[in-house]
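In what follows, a structure is listed as structure tokens, so that the remarks can point back to it.
None of the figures in this text is laboratory data; all of them are computed from the coordinates on show. Not measured: the values here are computed from a predicted model. All Cβ positions, even for glycine, are placed from backbone atoms using ideal geometry, and neighbour counts span all protein chains on display.
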Amino acid sequence: MPLSGAHTECTLADPVSFAGIGLHSGAPVSMRLIPAPAGSGIVFRRTDLDNFEIPANGRNVARVSYATSLMRQGVLISTTEHLLSALIGYGVDNVIVEIDNLEVPILDGSSLPYVEAFVQVGMRRQRRRREYLRILKAVEVTENSKDGVKFIGVYPGSGYSIDYRIDFPAPIGSSRFLGDLQTGAYAGLIAPARTFGFREDEPMLRNMGLIRGATDACAILIGGGAVQNGPLRFPDEFVRHKVLDLIGDLALAGRRLQGRVVAERAGHAMHTALVSKLLKDRSAWELATVCDEEPFTVADLRAHGLASAPIAAHS
Ligand SMILES: [Zn+2]
């Protein structure tokens, strides 16, 4: 059972291991998540570099374009978002991530393999009360680019709600997802959603030295206006994956948010820009140990109209 509705911190009951390749580096990588003491947070440990440690927080965010990376003293951990999303989404507060290369494995392009492993080993509740980063006032980032306005903002609110809108070329189109992480629905509604890419962008990305590890087993591939390796896991899998990425990127605030997030056509760079702006504005948040959460089920979420709904168009 997910423990995301709990008031106290959690770690994994036992270590879990993963092996795969990095999406962008194409490098083989082994990774092991091991239980960590209360209060320690999520810390990466490069076992190939004398166990050099990089805590997953906003101070260590590195170059962000197609993936979110952490860097400390020149040591990199790349493509952290799906793993961090799974940890925050499922409610794992403290863990050491031992990794023997620079990029987290892409696995199937979603965070489902992580959640399945967490379910298998189980969670251990810890004595320390979980601290939330409670939003006290609006913080927003807007970008006017040649292809329109991109936006992300956080606002005060109970729970951790996300309202995400995307607008991509066919077959994705416009879609919107509304949900609340505090409901414990992450594992079912968000974790299975895979990353996606357009065939048309492939030469450019390869020229940039990216997606060297990409295969049709680790992403939804879109070409000629159609999904090439269906079926999709959800009709709106694309926007759900953007929510997955957002949760992973906002994890770099160092604590789970208590508030409402609204994003429109955003991406990793805007997600992490919001984290930096939020952390710098000390009047915009406080640390709070109690969260007025009411765990509900997925069925409750649907009954309240909070499950995702594609929308025809938006301004
Ligand atoms: Zn992603």
(message) Principal axis extents for the chain, Cα atoms only, whole Å, descending order, please.
(response) 53, 46, 37
(message) What's the magnitude of the charge dipole for segment 132-303 around its Cα centre, counting Lys and Arg as +1 and Asp and Glu as -1 at the beta-carbon? Answer in Debye, nearest 20.
(response) 300
(message) Give the residue list of trypsin sites (Lys or Arg not before Pro) in segment 1-84 that are DSSP loop and have at most 14 other beta-carbon atoms within 10 angstrom.
(response) Arg63
(request) Using a Gaussian network model of the chain whose springs link C-alpha atoms within less than 10 Å, name the residue from Ala266, Ala27, Ala185 with the highest mean-square fluctuation. (result) Ala27
(request) Tell me, rounded to the nearest percent, the portion of alpha carbon pairs in segment 132-303 spaced more than 21 Å apart. (result) 52
(request) Kindly work out what percent of the DSSP beta bridges joining two residues of the chain are antiparallel, to the nearest 5. (result) 75
(request) Considering only DSSP beta bridges where both residues belong to segment 2-102, give the percentage that are antiparallel (nearest 5). (result) 75
(request) Please identify every one of the GluC sites (Glu not before Pro) in segment 113-206 that sits in a loop by DSSP and has no more than 11 other beta carbons within 10 Å of its own beta carbon. (result) none
(message) Which one, Ala269, Gly197, Phe177, is farthest towards the positive end of the dipole of segment 132-303 when Lys and Arg carry +1 and Asp and Glu -1 on their Cβ?
(response) Ala269
(request) With runs of 4+ DSSP H residues as the only contributors, calculate the mean residue ellipticity of the chain at 222 nm using -39,500 (n - 2.57) per run, divided by the residue total and rounded to the nearest 500. (result) -5500 deg cm²/dmol
(request) Could you tell me which trypsin sites (Lys or Arg not before Pro) in segment 119-223 are loop residues by DSSP with no more than 16 other beta carbons within 10 angstrom of their beta carbon? (result) Lys137, Lys146, Arg212
(request) Return the Rg/Rh value of segment 8-129, two decimal places, where both radii are evaluated on C-alpha atoms and Rh is the Kirkwood radius. (result) 0.94
